[in-house]
Amino acid sequence: MESKEKKFPKGKLAWLWENMEGRRVLFFVALAGTLVYNILQLTIPFMSQKIVDEFISGENAAANLANNRSRFLMLIGLMVGVTLIRVLVVYMDCMAYEHVSQKVLYRVRNYLFDKIERQDMKFYNEFRTGDLMTRVTGDLDAVRHMIAWVIRSVIESFALMGATLAYFFWMNWSMTLWLLAIAPFILLIILRFKNKVRPMHALLREKLADMNTDAQENISGNRVVKAFAREDYEINKFEVANVDYSQTNQKTQMVWIKFYPYVETCANLMPLVLMLVGGVYLMNGKMSMGEYVAFSGLIWAIANPMRNLGNIMNEFQRFSAAADKVMEIYYSTPEIVDPEDPYDAPERLNGEIEFKNVSFQFPDGTYPVLKDISFKAEAGSTVAIMGETGCGKTSLIHLIPRFYEPTSGEVLVDGVNVNRYRLKQLRKNIGLATQDVLLYSDTIDGNIAYGDSHISKEEVVKFARYSQASEFIAKMPEGYETIVGERGVGLSGGQKQRISLARALAVRPSILILDDTTSAVDMETEKEIQKSLRNLDFGCTKIIIAQRISTTKVADKIIVLKDGIIAEEGNHNELIAKKGYYYELVKLQAGEEAV
């Protein structure tokens, strides 16, 4: 609903035209073909009129049939020939419309995916996955249908009706006016239908997105569902969404069903008018039998387009609601983009990080998450970040690769504000591994080499050793070629975290960010991982979010966050001496004797 009020740079039809680039000539040929095959429909009644008037009911019909049989056969042959030509034109025309619509669908879907991929984190906070999936599937199909059927039907209806009316006026203008007297009533019904059905299609589109979101979230979270034995609850929840969508769909279709009898009644009055008025004209000699046959044979060419206007309007409103959603993504622009005058950075950064009076608040947040944060991490050093849940640790590290922009202050890498780097240049120097690991449905080798698909198998194995993943990978059925299930199904939490760490290391980053990456591994494995991180074969600044003292005590600097501010800062011994949060945490984890 909200997106309907948004203004886009181009109207919906202009947007369609823009995306027909490379197929516009073919589309014009298809439009011309539509005009041609609808005009050709007039030839059969025209020839029928000639046959009736010249060879059946006319004054000289018998003589003409006896003396001019070749003309009679020619008219019959022309009727057959024109019919065959029209069938061929219709077939080629439908193929052309379908070709153009599929190319537009392909082009827009690729463009939308590109747009979605390049959006910032704010975009993903606002749009649900199920909603985005609906936009690139169902909504785009409505766009394709607009080109393949709706536009063709509009041209077909108006071409057929216009050509027929021109022919009718040429034959008998007064009879034509009698038939057209019904048209204003049909148009009034269609306009009222349009106003009723437009908001229904917008609502239907939202219900479909809600149902798809429920399905996507439930399938993604299937382990949680099974862990809590909530299958029945989720089935009922989906059923409610499905019933809601089904009922809205029925209500939308019922709108046309309520209006259709009135349109059908008005359209069916045309043959009745022709019978009454045409019969009088025949008796009074104002119309020949051939003309009556032509009117009778072509009256459908006026009635059917009027009937189709309702279906066309219904499909256009469906397209309009879908196009609003598609164009919202199509014309969306991320707020975090490359600078206009980017810093000419070297291929590999040194990795020095500095926060200068940084504050941060989410765009839709009420309170700041970080307040006046200042610290420096020297190139090659290790900085550990600790603090209670919700204190802003993850938000802080997300400012380094510019997932978000600080509300105030500066985040510097190698002395340069991160907003002066090209995003790709900045982010390819950063390796990120999080606690919540996402692995792709690919081989273990493919997942580790995700950031750099050109690295050798030997290097993949080396980075797996760094993360202490090589041992369990060697025990897998196909080793590094083992296919990992969706989101890493079949692997333990610790195994997924170690593959994630190997993936982060495989890009040989200047800055390595670990967000509680070893939380699911045992203490002995974590100790080996820490040893590997201290002996990497490339320089790397490490920012580690952790709650285990075994991880933080070897850091060059430890930062303790509390309520969005730096409560403590120093190395392990310095913070022990301060006897604050860190001191209490050490006592809790290691006991009194450790301090």
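The values are calculated or read from the model by the stated rules, or taken from the named source; none is laboratory data. Fair warning: this is a prediction, and the values are worked out from it, not measured in the lab. Methodologically, a virtual Cβ is constructed for each residue, glycine included, from the backbone with ideal geometry; neighbour enumeration extends over all protein chains shown. In case anyone asks, the SASA skips ligands and DNA or RNA and just uses the protein heavy atoms, side chains included. Shrake-Rupley method; radii C 1.70, N 1.55, O 1.52, S 1.80 Å.
Every condition in (1) open to solvent by less than 40 Å² (accessible area, probe 1.4 Å); (2) in contact (Cβ under 8 Å) with a residue 40 or more places away in the chain; (3) among the small types (Gly, Ala, Ser) is met by residue 415 except one, and the failing one is (1). Scanning segment 280-302 for residues that are open to solvent by 20 Å² or more (accessible area, probe 1.4 Å) and either in contact with a Phe, Trp or Tyr (Cβ under 7 Å, 6 or more places away or on another chain) or assigned to a helix (DSSP H, G or I) (or both) turns up 280, 281, 282, 283, 284, 289, 291, 292, 293, 296, 297, 300. Out of all the residues in segment 145-161, is one or more more than 13 Å from the chain's Cα centre (by Cα), part of a loop (DSSP other than H, G, I, E, B) and farther than 17 Å from residue 330 by Cα? The answer is no; no qualifying residue exists.
Would you check if residue 218 is in a helix (DSSP H, G or I), more than 30 Å from residue 196 (Cα to Cα) and open to solvent by less than 70 Å² (accessible area, probe 1.4 Å)? Criteria met by residue 218. Does residue 324 satisfy the condition of being part of a strand (DSSP E or B), of a type in the set (Asp, Glu) and either in contact with a Cys (Cβ under 8 Å, 6 or more places away or on another chain) or touching a residue at least 60 places away in the same chain (Cβ under 8 Å) (or both)? Here the answer is no, as residue 324 does not meet what is asked. Of all residues in segment 303-325, exactly one satisfies the criterion of being over 34 Å from the mean Cα position of the chain (by Cα) and open to solvent by 50 Å² or more (accessible area, probe 1.4 Å), namely 304. The residue of segment 258-279 that is farthest from the chain's Cα centre (by Cα), among those that are aromatic (Phe, Trp, Tyr) and open to solvent by 70 Å² or more (accessible area, probe 1.4 Å), is 262. Residues that are farther than 24 Å from residue 512 by Cβ and aliphatic (A, V, I, L, M) were ranked within segment 326-363; the one that is most open to solvent (accessible area, probe 1.4 Å) is 337.
In this structure, residue 185 qualifies as modelled with pLDDT under 85 and open to solvent by 20 Å² or more (accessible area, probe 1.4 Å). Somewhere in segment 232-243, is a residue modelled with pLDDT of 80 or more, under 23 Å from residue 132 (Cβ atoms), out of contact with any helix residue (DSSP H, G or I) (no Cβ under 7 Å at 6 or more places or on another chain) and surrounded by fewer than 18 Cβ atoms within 10 Å (Cβ to Cβ)? Yes - at least one qualifying residue is present in segment 232-243.
Taking (1) over 49 Å from the mean Cα position of the chain (by Cα); (2) at negative phi; (3) open to solvent by 30 Å² or more (accessible area, probe 1.4 Å) in turn, residue 575 satisfies each apart from (3).
At least 3 residues being touching a Gly at 6+ places or on another chain (Cβ under 8 Å) and more than 29 Å from residue 373 (Cα to Cα) is the threshold, and among the helices (runs of 4 or more DSSP H) wholly inside segment 489-595 those reaching it are 493-505. For segment 227-247, the count of residues that are closer than 30 Å to residue 168 by Cα and either more than 32 Å from the chain's Cα centre (by Cα) or not in a helix (DSSP H, G or I) (or both) is zero. Restricting attention to segment 364-395 and to residues that are open to solvent by 60 Å² or more (accessible area, probe 1.4 Å) and among the β-branched types (Val, Ile, Thr), the residue that is farthest from residue 582 (Cα to Cα) turns out to be 366. Among the residues of segment 395-418, those that are under 28 Å from the mean Cα position of the chain (by Cα) and either among the small types (Gly, Ala, Ser) or part of a helix (DSSP H, G or I) (or both) comprise 395, 398. Filtering segment 426-482 to residues that are within 13 Å of residue 501 (Cβ to Cβ), of a type in the set (S, T, N, Q), open to solvent by less than 80 Å² (accessible area, probe 1.4 Å) and in a loop (DSSP other than H, G, I, E, B) leaves 467, 468.
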